[in-house]
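Before any comments, here is the structure.
The values are calculated or read from the model by the stated rules, or taken from the named source; none is laboratory data. Since this is a predicted model, take the numbers as computed values, not measurements. Note that we place each Cβ from the backbone using ideal geometry, even for glycine, and neighbour counts take in every protein chain shown.
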Amino acid sequence: MDTPSPAPPQAAFVRAYPPMDPPTGPALWLLLRDGEVLVRGGALIESEGDPRGDGVNRTPLYLGTLGGRPCLADDLGPQEALPEGCRLVPLRALFGQIGEAEFALAGYASQMLYWRRTSGFCPVCGHEAEMRPGDWGRRCPRCGHVAYPHVTPAVLILVHDGGARILLGHKPGWGPRYSILAGFVEPGESLEECVRREVQEEAGLEVADLVYAGSQPWPYPHQLMIGFTARHAAGEPRVDAEELDDARWFTAETLPDLPPPVSLSRQMIDAWTAAQTK
Ligand SMILES: [Zn+2]
């Protein structure tokens, strides 16, 4: 007997690439300025036409469809008046306020608008760069240099002692907040090498038993966070004060102030705590 394949979820985001044109009908408008997203009534703006009204030289990016609705992104000019009934909200503040798919879409829009703002000219010869059909790359018609939107990988490391404790670090300026260790991947480095180096550099520890824990786009402006858990293998926590001014062990009962729930760091800590208290 044939089993009907499940219908795709209504909220699925389907990517589009230039020079595709958006389908007609009401669109989701991602209008951003300085890391803030324009919302109406606390939700992303859905509108048949440009909610800013008619304007010259407007070239919104068509990013794809969400639940069948075309998604268009554009920068709001620094002096541009906000449409009636709309306000700007910091991207991060939208977490938990709008749907997960909408939140991810707003982050994607932010990254793509950043890319458009920063890729207009060839970094080799300075000539104006052209859009490449079929992807988001830009090509220089003079020297042929091609560049793609930035994705900068960074690892998050939840170091545990194999028992009831995890290592959390504190950076100068963080106030009472502690978090798991983190660091950018260097060129020529695997994710595993990066985990071992960062834990050694930031906390003076050796780790083993690395386990992948998930990933998260972090569009501020274009990181990809890749989470691992790792077991403490040798050494006592010590900090070099350059990156961290404290690193110490905590149990689920003694956790300090933690990063906000939007972050994979926090989600990893919460997952570990939940496993401890099972
Ligand atoms: Zn060039």
Query - From Glu80, Glu102, residue being at pLDDT below 95, among the acidic types (Asp, Glu), away from the ligand (no atom under 16 Å from the Cβ) and in contact with a strand residue (DSSP E or B) (Cβ under 9 Å, 6 or more places away or on another chain) - result: Glu80
Query raised in the report: Among the residues of region 135-154, is there at least one that is more than 16 Å from the ligand (Cβ to nearest atom) and over 19 Å from the mean Cα position of the chain (by Cα)?
Result: yes
Query raised in the report: Of Arg92, Arg117, Arg132, which residue is closer than 18 Å to Pro18 by Cβ, surrounded by 14 or more Cβ atoms within 10 Å (Cβ to Cβ), charged (D, E, K, R) and not assigned by TED's automatic domain parsing to the domain that holds Gly214?
Result: Arg132
Query raised in the report: Yes or no: Ala147 of a type in the set (Gly, Ala, Ser), at pLDDT 95 or above and not assigned by TED's automatic domain parsing to the domain that holds Val37?
Result: yes
Query - Sole exception among (1) among the basic types (Lys, Arg); (2) over 15 Å from Ile157 (Cβ atoms); (3) in contact (Cβ under 8 Å) with a residue 60 or more places away in the chain for Arg231, by number - result: (2)
Query raised in the report: Here are Pro237, Pro217, Pro221: which of them is outside any strand (DSSP E or B), surrounded by fewer than 18 Cβ atoms within 10 Å (Cβ to Cβ) and either in contact (Cβ under 8 Å) with a residue 24 or more places away in the chain or not assigned by TED's automatic domain parsing to the domain that holds Ala164 (or both)?
Result: Pro221
Query raised in the report: (1) outside the structural domain of Pro261 (by TED's automatic domain parsing); (2) closer than 30 Å to Thr277 by Cα: which one isn't true of Val159, the others all being true?
Result: (1)
Query raised in the report: Is there a residue in region 77-87 that is within 25 Å of Met131 (Cβ to Cβ) and among the aliphatic types (A, V, I, L, M)?
Result: no
Report summary line: Restricting region 23-42 to residues that are of a type outside the set (Asp, Glu) and touching a helix residue (DSSP H, G or I) at 6+ places or on another chain (Cβ under 8 Å), the one nearest to Cys71 (Cα to Cα) turns out to be Leu28
Report task. Enumerate the pairs (first residue in region 148-170 and among the aromatic types (Phe, Trp, Tyr); second residue anywhere and assigned to a loop (DSSP other than H, G, I, E, B)) with beta-carbon separation below 7 Å, excluding pairs fewer than 6 apart on the same chain, so at least 6 apart or on different chains. Result -> Tyr148/Trp136; Tyr148/Gly137
Query raised in the report: Name the residues in region 120-129 that are part of a loop (DSSP other than H, G, I, E, B), near the ligand (Cβ under 9 Å from one of its atoms) and either surrounded by fewer than 16 Cβ atoms within 10 Å (Cβ to Cβ) or among the aliphatic types (A, V, I, L, M) (or both), would you?
Result: Pro123, Val124, Cys125, Gly126, His127, Ala129
